[in-house]
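To keep things clear, I will list the structure first and then write my remarks on it.
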Amino acid sequence: MPAGLTHRVLVLVSLLGFLWTVPELVSVRPASPTMEAQMFSLALKKGPTARQLQQKEHALSVVRKVAESRWSNHDVEVIPFGSSVTGLGEGSSDVDVVLFFPNGGPPPLEALRGLKQKLERQPDTKVLQSLLREKMKIPLLRLLIQGVQCDLTCQNVLPVFNTVLLRGYGSLCPKLNVLAIVIKRWAKKCRIGEVQNGFISSYTWTLMMIYYLQVCHGLPSLHVLSPHQALHRTPKNKTFAFGFLSTENRQKVRTPLNDLLRGFYEFYSEHFDWEYEVVSVRLGRRLSCKDSEFRLLPRKHLKAPRKKPKGPGIPLKTEGYPNILKVEDPIEISRNLNFALIPRTCDKIRSSIAAAFKSFQGPEEALLGDLTGLKRLKGTSERPQIRRFLRHRLPPGRSATAIVKNATDGGAVGCLECFRWMPNLDALEQHFLVTNHSGILEKVSGI
Ligand SMILES: [Zn+2]
């Protein structure tokens, strides 16, 4: 079939909504206990430990104590988020923390400036960096508390949703905790895991792994399971899907870890449609970017840089780059996580995935060491209970759980900082005056 015709058929089929079926992944080799042992070894070596958990809890308690003494007349909460809470990362990762005034407090910049002075007087606490200029979109204090790096922001509560969601997936399928460590290490070794360098974040790699488990191994979408399907948006058209199920029920994925890893590379190398498909953990099924579900997903990054005109008077042309990766943020669904990619970096991601898949066809002894850059990686004789990888996660805390729950109770208008809902805009304005909160959320109808 000519390429143009194939293209048109694909568009037609995608519009009909059944573009892809679940691929039957071809096993290049039978399951290897050696490879699985190596994966456990890596996860045991790099995954979070009881000692690291204790150190992180201590760091949190220092920030909490200082904040409570600084604002004794306010309710102030210290909420951790990020991979220390999801458990889907290495134990040495930083702790992201948000200082949260649920019933109102000083503006974020003022709050962090006040806290900085107090923290500097604490023993074993160092302020590594303070990004507290007026212009900063999200003011930040980078601290080192007894060897633990904490990135502290204020009232920046949205990442708590992504954290609770990913933690839910880790609880649902504990194998994800091991897979996430391996994938992130591999992406780091290939230098394709950092947004600053024009690639995608480790958060995006985790979403790609979850999506693969959803479409190839029956992992459900926690959004689809939720009874709360309403969407909310800000006046700047950022749109959010806050409704997802926080589940602790296990989903048995019986496939061995090493086959899951190989399947991940095989899926993105052989089956994933880079031109049309969107990695959507929210939907958990294979749909084209032309589907109405993705009406809000930004498309501007589908264009390659402008080409120089060949002669005077010829307008600048943009050349399409349809094969760029598309990844929907499952909470802020109007955000495409491909924002830092350009054709060259996207091609590097594809070729790295293809090379990883191909490497499974070679001798396997040192394969994981080759993939992750950890040479001489020896398998462990210990076959740990997979659930042990859930044990050393920081709990998100009651405030985070309450915020996530509040957001799904949604009314007409809400506050983007505390997710309380008001009957009308006048009541919300009053709430902003009293609390110093800001940011309007409106329920979206007819999307
Ligand atoms: Zn509020």
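Out of curiosity, is Gly369 at pLDDT 80 or above and not hydrophobic (A, V, I, L, M, F, W, C)? Yes; evaluated as a whole, the condition is true for this residue. For segment 144-164, a residue qualifies if it is in a helix (DSSP H, G or I) and in contact with a Ser or Thr (Cβ under 8 Å, 6 or more places away or on another chain), and the qualifying residues are Thr163, Val164.
Can you pull out the residues in segment 87-109 that are in contact with a Leu (Cβ under 7 Å, 6 or more places away or on another chain) and open to solvent by 10 Å² or more (accessible area, probe 1.4 Å)? Within segment 87-109, just Leu109 meets the criteria.
Among the residues making up segment 254-286, those that are part of a loop (DSSP other than H, G, I, E, B) and surrounded by fewer than 20 Cβ atoms within 10 Å (Cβ to Cβ) are Arg254, Thr255, Pro256, Asp273, Trp274, Glu275, Arg285. Of note, Thr380 does not satisfy the criterion of being assigned by TED's automatic domain parsing to the domain that holds Val279 and surrounded by 15 or more Cβ atoms within 10 Å (Cβ to Cβ). Screening Ala402, Ala354 for residues that are closer than 30 Å to Gly168 by Cβ and surrounded by fewer than 16 Cβ atoms within 10 Å (Cβ to Cβ) leaves exactly one candidate, Ala402. Restricting attention to segment 80-113, and to residues there that are in a helix (DSSP H, G or I) and β-branched (Val, Ile, Thr), which single residue is farthest from the ligand (Cβ to nearest atom)? Step by step, filter segment 80-113, then rank; the result is Thr86.
I'm trying to understand the selection: among the residues of segment 405-426, which are more than 22 Å from the chain's Cα centre (by Cα), closer than 27 Å to Asn162 by Cβ and either open to solvent by 70 Å² or more (accessible area, probe 1.4 Å) or more than 16 Å from the ligand (Cβ to nearest atom) (or both)? Of everything in segment 405-426, those that are more than 22 Å from the chain's Cα centre (by Cα), closer than 27 Å to Asn162 by Cβ and either open to solvent by 70 Å² or more (accessible area, probe 1.4 Å) or more than 16 Å from the ligand (Cβ to nearest atom) (or both) turn out to be Asp409, Arg420.
The values are calculated or read from the model by the stated rules, or taken from the named source; none is laboratory data. The structure displayed is predicted, hence computed values, not measured ones. A quick note on method: Cβ atoms are made from the backbone with ideal geometry, for glycine too, and the neighbour counts reach across all protein chains shown. The protein model used for the area step is the full one, side chains on, heavy atoms only, and it has no ligands, DNA or RNA in it. Shrake-Rupley method; radii C 1.70, N 1.55, O 1.52, S 1.80 Å.
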